[in-house]
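Comments concern the structure below.
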Amino acid sequence: MQSWYKSGSPWVWLSAAGVSFSLIAVLGLLWLIASRGLSYFWPAEVYQFDFTDEQGQTQSVIGEIYDREQVPYAQVAHLNLPFLSSESADSEQASGEHLTNEQQTLERILIKTGNRELTNLDFRWLFQGSIVKQSSPEHIAVIERRKNGDFYGFIDAIVSGGQVVELSQLPLLLARARNLQQQVKKLERGEIRSVNFELERLRLHERKLLMKNQLDQNTQQEINQQRAVLEQNYRAFEQSLNSVREQLMRDQIIVTAANGRQVSLDFADILQITYNNQLTTLDKVGLFLKQLAVFVSDEPREANTEGGVFPAIFGTVLMVLLMTIIVSPFGVVAAIYLHEYAGKNTFTRVIRIAVINLAGVPSIVYGVFGLGFFVYLVGGSIDNLFFGEALPAPTFGTPGVLWSAVTLAILTLPVVIVSTEEGLARIPSSLRHGSLALGATKAETLWRIILPIASPAIMTGIILAIARAAGEVAPLMLVGVVKIAPSLPLDGDFPFLHLERKFMHLGFHIYDVGFQSPNIEAARPLVYATALLLVSIIVALNVGAVAIRNRLREKYRALEQ
C-alpha cells in the first residue's frame with residue numbers, strides 16, 4: 001500500500017476522478033439548458049379542459065400543458081375546493097395523520113392559455129381533481145401574433161374585404177399577409193429610414209456651416225433643394241406605406257375562444273396559424289426547425305419575451321470581434337516589450353505584478369472606468385472636436401459598441417499579455433542567438449522566428465479573452481448594451497459600420513428576460529434557449545480560434561524543433 005501511494009497512482013486516479021466529475025457536470029448543465037430551451041420550439045399538443053371553479057360552476061379553457069407539480073393539501077385547504085369533501089377538510093384541520101397518501105398532496109397543472117385580451121395572464125393553474133373533461137380537438141388553432149401573445153381557439157369564419165369567404169382560402173390569405181408585412185418592413189426599415197438618415201445628415205451639415213459662418217445664399221439654396229427632394233421622396237414612401245397597411249387591414253378571421261366569446265383578429269398581426277393536434281411527427285419536426293430558425297433570425301417582441309434574438313446575436317459577435325481586433329496587437333506588443341526589451345529591474349517587476357492584479361479586478365470596475373474615461377472624456381472630446389453641430393445630443397460621448405469593445409479589451413488585456421509572455425519564455429535562447437549570429441536584426445528575429453513559434457500561445461490568450469469577453473455583462477450595462485436597439489450597428493447608410501450606436505447582447509438579454517420580464521413563466525424557456533445560443537456562439541468562436549492555433553502549431557513545428 002505504501003509503495004502504491006509513493007508511486008503517485010492515487011494522484012493520477014484523483015485527477016482522473018476530478019476531470020470526470022467536471023466533464024459530467026458540464027455535460028449535465030448543457031443537457032439541462034438544451035432540454036429546457038429547445039422544448040420551447042416543439043409544437044405541443046393543445047387541450048380543452050372543462051373544470052369546476054371555486055363557486056362550483058363549470059368553465060372551459062384551452063391551452064398547452066406547461067408544467068405539473070404536487071401541492072401539499074395543507075396549502076390549499078382554505079380554498080374550499082369543490083372536488084374535496086368537507087370531511088377531508090375537517091380531518092386536515094384536526095390532524096394531518098388521518099389523511100390518506102392520496103389526500104396528502106394534490107396534483108395541479110400549469111396551462112398556457114394565451115388570449116391576453118380576454119384574460120390578464122398567459123398561464124393558470126388547474127387542480128387535476130377539478131377537471132371534469134380533458135380533450136384535444138383537432139380543429140383547435142394556435143395563432144401566433146405580433147402582440148398580445150398566442151391565441152387559442154376555433155376559427156369560425158374568414159372575412160376578406162367585408163365579405164365572408166371559405167376557410168380553404170386561409171393559406172392564400174396568410175401568404176398574402178406575410179408578403180404585405182414584408183413590404184411594410186422594407187419601407188419602414190429601408191427607404192423611409194434611409195430618407196430620415198439623409199435628412200438628419202443634411203440638417204447637421206447645415207448647422208455646421210452656420211456655426212462656421214460659411215452658409216452663403218447659394219449653399220443654403222442647394223441644401224433647400226436637396227431637402228425638398230428628400231421630403232418629396234419621404235411623402236411618396238409614406239403614401240406607399242399607408243396603401244400597403246390599408247391592404248393589410250382588409251382581412252380578418254373570426255375565432256371562438258374557450259368561453260364561447262368570438263374575437264376578430266386582423267391578418268396584419270398574425271404571423272402564423274397551426275393546428276398542432278393535426279400535425280404528424282414529421283410535420284412537428286419541420287415546424288420545430290422553422291421556429292428555431294425564426295428565433296435565430298428574427299427580432300424580439302413583447303418586451304423580449306417573444307420573437308427572435310438576431311440583434312443580440314449580431315451585437316455579441318460584433319463586439320467580440322472588435323474587442324479581439326483591439327486587444328490582440330496591444331497585448332502582444334506589451335508582452336514582447338516586457339519579455340524581449342524591458343530590463344529585469346524593479347520597474348518591470350512592478351508592471352508584471354500590476355498586470356497580474358488587473359486580471360482579478362471585478363468587471364464592473366472596468367465598466368465604471370470605461371464610462372468615465374472612454375465615454376465621457378474621450379467620447380466627449382471627440383464630439384467637441386468633430387461633431388459640434390450635433391451637440392448637445394452626443395455622438396460618441398454616449399455608450400456605444402466601440403466603447404464596449406475597448407472596455408472589454410482592457411479587461412482581457414492581462415490574459416493576452418500573460419499567455420503571450422509564457423509562449424515567449426518557452427522559446428529556447430539558442431534560436432535567438434542563431435538568428436542574430438546569421439546577421440538578422442533583433443526586429444527580424446522577432447518577426448520571422450520568435451512570433452511564428454509563439455503564435456499558438458498568442459492564440460491561446462486570444463481564445464481565453466474571447467471566452468471571458470463573450471460572457472461579460474456587468475461592464476456592458478454601463479458602456480453600451482441596451483434592452484432594445486432601434487437599429488443594428490451595421491446598415492446600408494454611410495459609413496455603414498456605426499460604432500457609436502448602442503447594441504443588444506445575449507448575456508444582457510438573458511438577464512433582462514430572466515429578471516426584468518413582466519411575464520416570468522412565458523420568459524423562462526427563452527432564458528434557457530438564449531443561454532444555449534450564447535454557449536454555442538462562444539464554443540463556435542473558440543473552436544475557430546483553436547483550429548487556427550493548431551494550424552499555426554503544425555506550420556511552425558519544424559521551425560520550433
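The values are calculated or read from the model by the stated rules, or taken from the named source; none is laboratory data. This structure is a prediction, so every number in the text was calculated from the model and none was measured. Note that each Cβ is placed from the backbone with ideal geometry, even for glycine, and that neighbours are counted across all protein chains shown.
When the residues of segment 111-148 are filtered to those that are touching a helix residue (DSSP H, G or I) at 6+ places or on another chain (Cβ under 7 Å) and within 13 Å of Ala522 (Cβ to Cβ), which remaining residue is surrounded by the most Cβ atoms within 10 Å (Cβ to Cβ)?
In this case the residue turns out to be Asp122.
Within segment 504-517, is there a residue that is modelled with pLDDT of 85 or more, assigned by TED's automatic domain parsing to the domain that holds Gly372 and not in a helix (DSSP H, G or I)?
Yes - at least one qualifying residue is present in segment 504-517.
Out of all the residues in segment 212-247, which are exposed (fewer than 15 other Cβ atoms within 10 Å of the Cβ) and over 42 Å from the mean Cα position of the chain (by Cα)?
Lys212, Asn213, Gln214, Asp216, Gln217, Asn218, Thr219, Gln220, Gln221, Glu222, Asn224, Gln225
Out of the residues in segment 291-305 that are crowded, with 16+ Cβ neighbours inside 10 Å and assigned to a helix (DSSP H, G or I), state the one that is farthest from the chain's Cα centre (by Cα).
For segment 291-305, the residue satisfying everything is Gln291.
(1) out of contact with any helix residue (DSSP H, G or I) (no Cβ under 9 Å at 6 or more places or on another chain); (2) in contact (Cβ under 8 Å) with a residue 24 or more places away in the chain: which one isn't true of Gly379, the others all being true?
Among (1) out of contact with any helix residue (DSSP H, G or I) (no Cβ under 9 Å at 6 or more places or on another chain); (2) in contact (Cβ under 8 Å) with a residue 24 or more places away in the chain, Gly379 violates only (1).
Within segment 408-425, is there a residue that is more than 24 Å from Pro475 (Cβ to Cβ) and either surrounded by fewer than 17 Cβ atoms within 10 Å (Cβ to Cβ) or not assigned by TED's automatic domain parsing to the domain that holds Val355 (or both)? First the steps, then the outcome.
Filtering segment 408-425 down to residues more than 24 Å from Pro475 (Cβ to Cβ) leaves 421-425.
Subset that is either surrounded by fewer than 17 Cβ atoms within 10 Å (Cβ to Cβ) or not assigned by TED's automatic domain parsing to the domain that holds Val355 (or both): 422, 425.
Within segment 408-425, one or more residues are more than 24 Å from Pro475 (Cβ to Cβ) and either surrounded by fewer than 17 Cβ atoms within 10 Å (Cβ to Cβ) or not assigned by TED's automatic domain parsing to the domain that holds Val355 (or both).
Report, by residue number, each residue of segment 154-175 that is within 37 Å of the chain's Cα centre (by Cα) and surrounded by fewer than 13 Cβ atoms within 10 Å (Cβ to Cβ).
Pro171, Leu172, Ala175
Residue by residue, here is whether (1) among the charged types (D, E, K, R); (2) touching a Gly at 6+ places or on another chain (Cβ under 9 Å); (3) surrounded by 15 or more Cβ atoms within 10 Å (Cβ to Cβ); (4) closer than 25 Å to Val479 by Cα holds:
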position	(1), (2), (3), (4)
Ser328	no, yes, yes, yes
Gly331	no, yes, yes, yes
Leu338	no, no, yes, no
Gly360	no, no, no, yes
Val368	no, no, yes, yes
Gly379	no, yes, yes, yes
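Of the conditions (1) at pLDDT 90 or above; (2) outside any helix (DSSP H, G or I); (3) out of contact with any helix residue (DSSP H, G or I) (no Cβ under 9 Å at 6 or more places or on another chain), Asn259 clears all except one; give me its number.
Of the numbered conditions (1) at pLDDT 90 or above; (2) outside any helix (DSSP H, G or I); (3) out of contact with any helix residue (DSSP H, G or I) (no Cβ under 9 Å at 6 or more places or on another chain), the odd one out for Asn259 is (1).
Among (1) in the same structural domain as Ala467 (by TED's automatic domain parsing); (2) in a helix (DSSP H, G or I), which single condition is Lys344 missing?
(2)
May I ask you to list the residues in segment 230-282 that are free of Cβ contacts under 8 Å to residues at least 60 places away in the same chain and charged (D, E, K, R)?
Listed by number, the residues that qualify are Glu231, Arg235, Glu238, Glu246, Asp266.
In segment 340-355, what count of residues is obtained for those that are of a type outside the set (Asp, Glu), surrounded by 12 or more Cβ atoms within 10 Å (Cβ to Cβ) and either more than 17 Å from Glu422 (Cβ to Cβ) or touching a residue at least 12 places away in the same chain (Cβ under 8 Å) (or both)?
Total meeting the criteria: 3.
Taking only pairs six or more apart or across chains, which ones have beta-carbon atoms under 8 Å, a first residue in segment 12-35 that is not assigned by TED's automatic domain parsing to the domain that holds Leu532 and loosely packed, with under 10 Cβ neighbours inside 10 Å, and a second residue that is aromatic (Phe, Trp, Tyr) and assigned to a helix (DSSP H, G or I)?
The qualifying pairs do not exist here.
Could you please give the count of residues in segment 391-403 that are under 31 Å from the mean Cα position of the chain (by Cα) and over 17 Å from His505 (Cβ atoms)? Lay out the reasoning, then the answer.
Quick first cut of segment 391-403, residues under 31 Å from the mean Cα position of the chain (by Cα) only: 393-403.
Still in the list and also over 17 Å from His505 (Cβ atoms): 393-397.
Going through segment 391-403 one residue at a time, the tally reaches 5.
Quick one: which helices (runs of 4 or more DSSP H) lie wholly within segment 434-481 and hold at least 1 residues that are not aliphatic (A, V, I, L, M)? Quick ask: steps written out before the conclusion?
Numbers: elements: 442-445, 451-471, 476-479.
It comes to 442-445, 451-471.
Does any residue in segment 159-179 that is under 19 Å from Glu144 (Cβ atoms) come within less than 7 Å, Cβ to Cβ, of a residue that is hydroxyl-bearing (Ser, Thr, Tyr) and surrounded by 11 or more Cβ atoms within 10 Å (Cβ to Cβ) six or more places away or on a different chain, and which pairs are these?
Matching pairs, first to second residue: Leu173/Ser160.
Examine segment 248-260 for a residue that is out of contact with any strand residue (DSSP E or B) (no Cβ under 6 Å at 6 or more places or on another chain) and buried (at least 16 other Cβ atoms within 10 Å of the Cβ), and state whether such a residue exists.
There is at least one residue in segment 248-260 that is out of contact with any strand residue (DSSP E or B) (no Cβ under 6 Å at 6 or more places or on another chain) and buried (at least 16 other Cβ atoms within 10 Å of the Cβ).
Could you check, for segment 273-284, whether at least one of its residues is of a type in the set (Lys, Arg), outside the structural domain of Glu472 (by TED's automatic domain parsing) and not in a helix (DSSP H, G or I)?
No, every residue in segment 273-284 fails to be of a type in the set (Lys, Arg), outside the structural domain of Glu472 (by TED's automatic domain parsing) and not in a helix (DSSP H, G or I).
State whether one or more residues within segment 482-498 are without any contact (Cβ under 8 Å) to a residue 24 or more places away in the chain and not in a loop (DSSP other than H, G, I, E, B).
The answer is yes; a qualifying residue exists.
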